[in-house]
There are 2 protein chains.
Amino acid sequence: MAAGQIVGFALPGDFLGMTTSGRNSFSADAISAVEVCRFSKASFQRFAEDKPNLLRRINELAIRELCQAREHMVLLGRRSAEEKVATFLISWRDRLARQNGECVILPLPMSRQDIADYLALTIETVSRTFTKLERDGVIEIISGGVRLLDAARAEALAAA
Amino acid sequence: MAAGQIVGFALPGDFLGMTTSGRNSFSADAISAVEVCRFSKASFQRFAEDKPNLLRRINELAIRELCQAREHMVLLGRRSAEEKVATFLISWRDRLARQNGECVILPLPMSRQDIADYLALTIETVSRTFTKLERDGVIEIISGGVRLLDAARAEALAAA
DNA sequence: CGAATCGTTGAAAGCAGTCAACTAGGGTGG
DNA sequence: CCACCCTAGTTGACTGCTTTCAACGATTCG
């Protein structure tokens, strides 16, 4: 599917409770092998019925996602292609780091089209921007991902 | 403050529980006279402690906001200035209608700058787009708002 | 080896941003 | 009461970034 809007990439352990809601269809696709735990909304609700701690936890998750969504709005609306891509790389790196520890090589299992949809860019602009970042010595494009050569510069672009 | 990001406009009765969260500062400003009920997060949490119905209700609110935020992402990333403004006008009209019933005259108490920040446009583009919509007979610009002359066309632009 | 898909690159067009001038209202102080 | 200023909004000319359209490489799979 071309030119959709991707609102996020999930990593192992992530909770996707809020992605689909009635007819407001947001769906979830897999870009690599997945194992999922799935609950029906009703039975989950029954399960959580008398567990205020769990409910509060879910609440916090929703609020966190909401804040992220709002951060992402700023990104979509106010940042250049280069800043978008840099921000994407840095936050992707940080999320991976939280899972596997620090690393210089960033695997990017999603397609350029997915990145484009996530950043509200075209696939061509994403590609060009990757190339530009490589020319500038910020990254090196390798098969299935990138090597982050100049994290400081990337962070500067992301923070901008 | 110029060129910020406005994530929403609140109407009477709206719940702003999720707008500020720790250091992720999103703030709320008033553009007309307001009456607010304010709870500290802690005491509200204590109050809601043993009321799963309330917690679930809050949850639904958060999820609704999250979906709206995602819809808004699509708007910010994928729509032209004209579509953005039309979408803003239509959804603003619908929200007003839910409060006061149908109306042709839409009061716009927020400034052009606010609209621009909400739609991730510049004030000039917002102004030009209003003018264009007026030239095309979709709206008439009046003091403090607009008159919606051709709702169908506006809706078409908004749905696009 | 072809076919297909994904990614890269180039050239051109278009939309929104930037910079700047101008208008209209609203409030203040002489 | 009027001159002045200050802000909000409009409009114009121009630039520039991203998109669009198109061709070209690279990799995979039958």
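With a/c under 1.5 counting as rounded, go ahead and sort the protein assembly as shown into rounded, prolate or oblate using the C-alpha gyration tensor (a ≥ b ≥ c being the square roots of the eigenvalues; past the cut-off, prolate if a/b is larger than b/c, else oblate).
Verdict is oblate for the protein assembly as shown.
For A:D29, the point set 7 Å out from Cα toward Cβ sits 4.0 nm from its twins in the other copies, listed from shortest up. Judged by the mean number of other Cβ atoms found within 10 Å, the most tightly packed of the peptides B:103-110, B:64-71, B:35-42 leads the ranking B:64-71, B:103-110, B:35-42. Of all aspartates and glutamates in the structure, those lying under 14 Å Cα to Cα from A:K132, and not within fewer than 8 positions of it along the same chain, are A:E82, A:E83, A:E124, A:E140, A:D150. Rounded to the nearest 20 debye, the dipole magnitude of the protein assembly as shown is 460 debye, with +1 charges on Lys and Arg beta carbons, -1 on Asp and Glu beta carbons, and the Cα centre as origin. Shape call for segment A:25-99 from the C-alpha gyration tensor, a ≥ b ≥ c root eigenvalues: rounded (a/c under 1.5), prolate (a/b greater than b/c) or oblate? Prolate, because a/c is 1.5 or more and a/b exceeds b/c.
The Cα center of segment B:100-160 and the Cα center of segment A:99-160 differ in position by 38 Å. Take each residue of peptide B:73-82, count the partner chain Cβ atoms within 10 Å of its Cβ, and average: the result is 5.
Please compute the contact order of segment A:53-160 in relative form: average sequence separation of alpha-carbon pairs under 8 Å and at least six residues apart, divided by the residue count, as a percent. Working shown, then result.
Values: 94 pairs, mean separation 33.5, N = 108.
Over segment A:53-160, the number comes to 31 percent.
What does the C-alpha gyration tensor say about the overall shape of segment A:65-127? Classify as rounded when a/c is under 1.5, otherwise prolate if a/b is larger than b/c, or oblate. Intermediate results must be reported in sequence, preceding the final value.
On the way: a/c = 2.01, a/b = 1.25, b/c = 1.61.
Taking the square roots of the gyration eigenvalues as a ≥ b ≥ c, segment A:65-127 is oblate.
Between copies, the label points at A:A156 (set 7 angstrom from Cα along Cα-to-Cβ) are spaced 5.0 nm, reported in nanometres from shortest to longest. The C-alpha radius of gyration of chain B, expressed as a fraction of 2.2 N^0.38 Å, stands at 1.15. In the protein assembly as shown, helical runs assigned H by DSSP with n ≥ 4 each contribute -39500 (n - 2.57); averaged across all residues and rounded to the nearest 500, the mean residue ellipticity at 222 nm is -17000 deg cm²/dmol. When the charge dipole of segment A:41-159 is built from unit charges on Cβ atoms (+1 for Lys and Arg, -1 for Asp and Glu) and taken about the Cα centre, the candidate among A:I63, A:P52, A:I115 whose Cα reaches farthest toward its positive end is A:P52. Position A:A42: other-copy label points at 4.1 nm, ordered by increasing distance, label point 7 Å along Cα→C-beta.
Dipole of segment A:41-159, Cα-centred, from +1 at each Lys and Arg C-beta and -1 at each Asp and Glu C-beta, to the nearest 20 debye?
Details: 19 positive and 17 negative charges, 67 e Å.
Charge dipole of segment A:41-159: 320 debye, to the nearest 20.
Comparing B:V36, A:C103, B:N100 along the charge dipole axis of the protein assembly as shown, the residue lying farthest to the positive side is B:V36, per the Cβ-charge model.
Coordinate-derived values only; no laboratory data. Small disclaimer: the values here were computed from a predicted structure and weren't measured. Here the Cβ is made from the backbone with ideal geometry for all residues, glycine too, and neighbour counts use every protein chain on show.
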